[in-house]
Each structure stands twice: as structure tokens, then as C-alpha cells.
Amino acid sequence: METKRFTAKDIKEAAACLKQGQLVSFPTETVYGLGANALSEAAVKQVYEVKGRPSDNPLIVHVSSQEMMENYVAELPEEACRLIEHFWPGPLTLILPMKEGTFSSAVTGGLNTVAFRMPDNRLTLELIKEADIPLVGPSANTSGKPSPTTADHVYHDLQGKIAGILDGGAAEIGVESTVLDLTDKLAGPTILRPGAVTREELAKVIGNVSMDGHLLGEKEVPKAPGMKYKHYSPEVPVWIVQNTPENWTEAVDWAVTQNQQVGLFAAENILQLFKENPSVVGYSFGEDTVEHAAKYLFSGLRALDETAAEIIFAPAFPETGLGEAYMNRLKKAANQNFFKN
Ligand code: TXA
Ligand code: MG
């Protein structure tokens with residue numbers, strides 16, 4: 001199959017592919033999604049197949065309006081409406097009770113709840129409107145690999161396996177949406193996956209919000225089935241470094257004494273320290289802020305994986321605000337390994 005590169009002028013053609021049950025990757029503000037008709041079980045099953053995704057891991061349904069979503073929801077809590085008003089379109093996924101008989105268990109992983117999101121991307125909102133169907137949209141990477149933040153990343157992983165990729169440029173945020181469960185009456189609103197919409201921002205709109213324990217215990221059964229799988233991992237081992245010049249220098253010196261080629265995912269000012277070092281290959285995320293680090297994390301891991309680097313170092317950031325999502329992804333990529341000398 002030839003995987004077409006679609007741009008803004010091809011939205012009608014891309015929508016037609018989706019209506020026929022084909023797979024089209026779409027851009028969002030977080031990462032690229034792998035789109036398929038959420039109402040077609042056959043199309044959804046193909047999504048699992050091309051990604052190599054475990055079948056008990058449910059998908060997010062992407063909609064272009066609250067009205068579209070309401071067709072599939074059993075009961076819309078008042079707090080959901082308030083959150084939608086504040087954060088949609090945007091990087092917030094809401095888990096709601098599903099209206100019976102709407103989506104197949106291929107979408108929900110057999111649960112009686114569904115995850116919904118309205119992405120903040122003009123092309124993708126147009127695409128969903130044009131197709132006039134809700135789209136499942138897991139990240140458009142091979143399962144286990146870093147999520148794609150450019151059309152080229154999607155092409156690299158899924159070329160020949162899907163009908164097309166709608167190119168909307170590089171994703172602005174770079175880490176996946178916050179997943180918020182609104183179906184647990186006992187626990188109340190619970191974050192199952194941290195993202196760019198932070199717990200503090202959510203709490204301002206709906207009051208208390210808790211964080212699911214999946215971030216803590218290895219043996220716990222996570223509520224978001226996806227949280228238990230290996231994630232975001234390049235082939236090369238990743239280690240987390242405390243983000244000071246002294247720590248970077250120690251880490252690089254150590255790796256060099258092991259005769260290793262070192263890949264650094266770091267801010268420009270840090271890379272400057274090592275520019276004369278022949279054992280170091282760098283990927284710069286520019287300014288030394290968590291926003292920049294998050295935006296380029298997956299891109300950097302993918303790029304360094306293609307170099308001669310035998311070990312990748314990436315910086316820790318404080319786990320507040322966007323730092324919570326960034327560290328959640330980085331710790332998984334690094335298998336929780338922090339560099340300590
Ligand atoms: O930013 C995003 O959310 C991206 C873009 C493309 O929209 N999509 C994305 O999808 O990250 P995916 O499939 O890679 O992650 C969906 C997460 C998984 O951890 C899954 O287990 C969880 O959401 N999830 C989906 N439906 C659920 C449900 N009904 N209950 C609990 N967790 C659910
Ligand atoms: Mg994913």
C-alpha cells in the first residue's frame with residue numbers, strides 16, 4: 001500500500017479514506033494520532049494490527065464537537081461540561097460512561113466507559129467534520145516506541161501500512177493528553193495519565209482531583225490499561241540526569257571512561273559544554289525549559305536512536321505543571337533509571 005502524504009488541500013480525500021474504513025494519521029497539538037472510523041469494528045481492529053498494540057488497551061475517540069460526543073455518552077456529568085468549556089479543543093481526554101450499543105469492544109477494550117477528546121488542531125477538526133464520524137486515535141507509532149510528533153515519524157513507523165498521513169507540521173506540546181476519569185463515583189475525578197492540562201488547572205474548574213496510583217506501584221493494576229505496557233523506548237538505553245552542568249559533566253565523563261558513544265538530549269547551553277568532545281552526539285531542545293524539553297522529547301529520543309550513541313542521557317525537571325507529564329514519559333523511556341555517580 002502506498003502511504004499518501006496529505007496536506008490541507010487534501011482533507012476531502014483523507015476524509016473519504018476514513019469513511020471507507022481506511023487508516024489516516026492526523027496531527028494534533030500533543031502527538032500524531034492514527035485515525036480510523038470509531039464506528040467500524042473492522043477499521044478499529046486494523047489500528048491494533050498496524051501498531052502491534054495489545055488488544056485490551058482501549059482507544060481515545062476524537063470528536064469535533066461536544067454534540068458529536070453526546071451521541072455516544074450514557075450520562076454527561078455537569079463537571080464534564082465545565083471542563084469541556086474550559087479546555088476543549090485541547091489536551092484533555094475525558095473518560096465517560098458509554099451509551100450502550102454504540103462502540104464495539106475493540107474501541108473500549110471491553111470496558112463500559114469511553115475516552116473522548118477534541119484535539120486543538122485546525123486541520124484535524126476539519127477532517128473529523130468532513131468525515132462526519134468520530135475517529136479513534138492512538139498515537140501513530142509502533143507500540144512501545146516513542147510517540148510521533150512529526151509526519152516523518154509516522155512515516156518512519158507506518159509507511160506502507162496505512163492509507164495516508166495528514167501533515168500538520170510538528171506537534172506543539174509533544175506529550176500526550178491528560179486522561180481524566182470521571183466515571184469513578186467513589187474516587188471522584190482522577191487523572192490516569194498526566195498531560196499538559198495539569199491537576200492544578202483542573203482543580204480550579206472542578207475542585208479536588210486525584211492522581212491515580214499507577215505512577216507509584218509496579219504491582220498495582222492501572223485503571224488506564226495502557227499505563228502497564230512498555231512505552232516510549234528507543235533501542236538505546238536512556239538514563240535520567242539531574243539538570244546541572246556538574247551532573248551532565250559527571251555523566252558524560254563516566255560514559256566516556258566506559259568507551260561509550262554518548263547521546264545527549266539537552267538544552268543548547270548544556271550541549272555547548274561538550275561541543276569539542278568527539279564521543280558526544282547532541283540533540284538540542286533549545287531553551288532550558290520543561291516546555292521545550294517536553295516538545296522535543298520523543299523527537300530527540302528517536303533522532304539519537306539513529307546515531308552511533310550507545311547510551312542516551314536526558315534531563316530531569318521538577319515534577320510540577322507540565323513537568324509531571326514530561327517526567328512520567330521520560331521515566332518510562334528510561335525504565336526509571338537515574339544516573340548517580
Ligand atoms: O494526546 C493524546 O491523547 C494522543 C493524541 C493522538 O490524541 N492519543 C493517545 O492515545 O495518546 P493512546 O491510545 O496512545 O493512549 C490512550 C490512553 C491509554 O493509556 C489508554 O489505556 C487510556 O488512554 N484509555 C483509553 N480509554 C480508556 C478507558 N475507557 N478507561 C481508562 N483508560 C482509557
Ligand atoms: Mg500511545
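The values are calculated or read from the model by the stated rules, or taken from the named source; none is laboratory data. None of these values were measured; they are calculated from a predicted model. Methodologically, a virtual Cβ is constructed for each residue, glycine included, from the backbone with ideal geometry; neighbour enumeration extends over all protein chains shown.
Brief remarks follow.
- Matching option when the condition is assigned by TED's automatic domain parsing to the domain that holds GLY195 and over 16 Å from ASP167 (Cβ atoms), among GLY35, GLY21: GLY21
- Tabulated pairs, the range 235-259, first more than 13 Å from VAL280 (Cβ to Cβ) and surrounded by 17 or more Cβ atoms within 10 Å (Cβ to Cβ), second of a type in the set (Lys, Arg) and modelled with pLDDT of 95 or more, C-beta under 8 angstrom, 6+ apart or interchain: ILE240/LYS331
- VAL205 meets the conditions (1) within 16 Å of ligand 2 (Cβ to nearest atom); (2) of a type in the set (A, V, I, L, M, F, W, C); (3) surrounded by fewer than 24 Cβ atoms within 10 Å (Cβ to Cβ); (4) not in a loop (DSSP other than H, G, I, E, B) in every case but one. The failed one is (1).
- Considering residues of the range 192-202 that are away from ligand 1 (no atom under 11 Å from the Cβ) and not in a helix (DSSP H, G or I) only, the residue nearest to HIS86 (Cα to Cα): THR198
- If you check LEU111, LEU123, LEU96 for being more than 9 Å from ligand 1 (Cβ to nearest atom) and either in contact (Cβ under 8 Å) with a residue 40 or more places away in the chain or more than 17 Å from the chain's Cα centre (by Cα) (or both), only one passes: LEU123.
- Number of positions in the range 291-321 that are charged (D, E, K, R), within 19 Å of the chain's Cα centre (by Cα) and farther than 16 Å from ALA334 by Cβ: 2
- Residue within the range 311-324 that is more than 24 Å from ALA171 (Cβ to Cβ) and at pLDDT 95 or above present: yes
- Screening LEU123, LEU158, LEU166, LEU96 for residues that are within 16 Å of ligand 2 (Cβ to nearest atom), hydrophobic (A, V, I, L, M, F, W, C) and at pLDDT 95 or above leaves exactly one candidate, LEU158.
- Yes/no for PRO54 being in contact with a Gly (Cβ under 7 Å, 6 or more places away or on another chain) and in the same structural domain as GLU126 (by TED's automatic domain parsing): no
- Screening the range 175-191 for residues that are among the aliphatic types (A, V, I, L, M) and either in a loop (DSSP other than H, G, I, E, B) or within 14 Å of the chain's Cα centre (by Cα) (or both) and picking the one that is nearest to GLY321 (Cα to Cα) gives VAL175.
- Filter result for the condition that a residue is in contact with an Asp or Glu (Cβ under 9 Å, 6 or more places away or on another chain), in a loop (DSSP other than H, G, I, E, B) and among the hydroxyl-bearing types (Ser, Thr, Tyr), over THR28, THR102, THR93: THR28
- Taken over the range 134-186, the criterion of being more than 11 Å from ligand 1 (Cβ to nearest atom) and touching a Gly at 6+ places or on another chain (Cβ under 7 Å) is satisfied by THR142 alone.
- Tabulated pairs, the range 45-58, first farther than 19 Å from ALA163 by Cα, second β-branched (Val, Ile, Thr) and assigned to a helix (DSSP H, G or I), C-beta under 9 angstrom, 6+ apart or interchain: PRO58/VAL107; PRO58/THR108
- Residue list for the range 296-336, filter: closer than 30 Å to LEU202 by Cα and part of a loop (DSSP other than H, G, I, E, B): ALA316, PHE317, PRO318, GLU319, THR320, GLY321, ALA334, ASN335, GLN336
- Hits in the range 36-63 (condition: part of a strand (DSSP E or B) and away from ligand 2 (no atom under 14 Å from the Cβ)): ALA36, ASN37, VAL61
- Scope the range 332-341; condition touching a residue at least 24 places away in the same chain (Cβ under 8 Å) and more than 14 Å from the chain's Cα centre (by Cα); matching residues: ALA334, ASN335, ASN337, PHE338, PHE339, ASN341
- Beta carbons closer than 9 Å, at least 6 apart along the sequence or on distinct chains, never pair a first residue in the range 290-301 that is free of Cβ contacts under 8 Å to residues at least 24 places away in the same chain and assigned by TED's automatic domain parsing to the domain that holds GLY263 with a second that is of a type outside the set (Phe, Trp, Tyr) and surrounded by 22 or more Cβ atoms within 10 Å (Cβ to Cβ).
- Tally, over the range 123-154, of residues that are over 21 Å from GLN20 (Cα atoms) and among the charged types (D, E, K, R): 2
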